[in-house]
Amino acid sequence: MPGGASLFIIAIIALIIFGPKKLPEFGRAAGQTLREFKNATNGMMNEHDENDKKAIEKKEQ
């Protein structure tokens, strides 16, 4: 895991390369991507749990 100084240097380099106007756009895009990934994984987990419940109910009958 990079330390605080390394993250600071990476942020400065990104600011120089992309400029101050593009960085917020990249941040928003990264946030949306992470949110969609989280929702997809939660959906898969919920579906898996529902399938387990149905299997248990069938065994009980």
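A short reminder: the numbers here are calculations on the coordinates, not readings from a lab. No experiment lies behind these values; they were computed from the predicted model shown. For neighbour counting, all protein chains shown are included, and Cβ atoms are generated from backbone atoms with ideal geometry for every residue, glycine included.
Cα axis of helix 23-60 to longest principal axis of the chain: angle in degrees, 0 to 90, nearest 10?
10 degrees
Do the sum for the chain: with -39,500 (n - 2.57) for every DSSP H run of n ≥ 4, divided by all residues, what is the mean residue ellipticity at 222 nm, to the nearest 500 deg cm²/dmol?
-31000 deg cm²/dmol
Using +1 at the C-beta of Lys and Arg and -1 at the C-beta of Asp and Glu, which of A11, A29, I56 has the Cα lying farthest in the positive direction of the dipole of the chain?
Of the options given, the answer is A11.
I'd like the FRET efficiency for F37 and I12, computed as 1/(1 + (r/R0)^6) with the beta carbon distance as r and R0 of 22 Å, rounded to 0.05.
0.20
Which label belongs to the value computed from this structure, given these candidates for Rg and Dmax of the Cα atoms in Å: (i) 10.7, 31; (ii) 10.1, 30; (iii) 21.1, 66?
Matching entry in (i) 10.7, 31; (ii) 10.1, 30; (iii) 21.1, 66: (iii).
Relative to the longest principal Cα axis of the chain, at what angle does helix 4-18 sit, 0 to 90 degrees, rounded to 10?
The angle comes out near 70 degrees.
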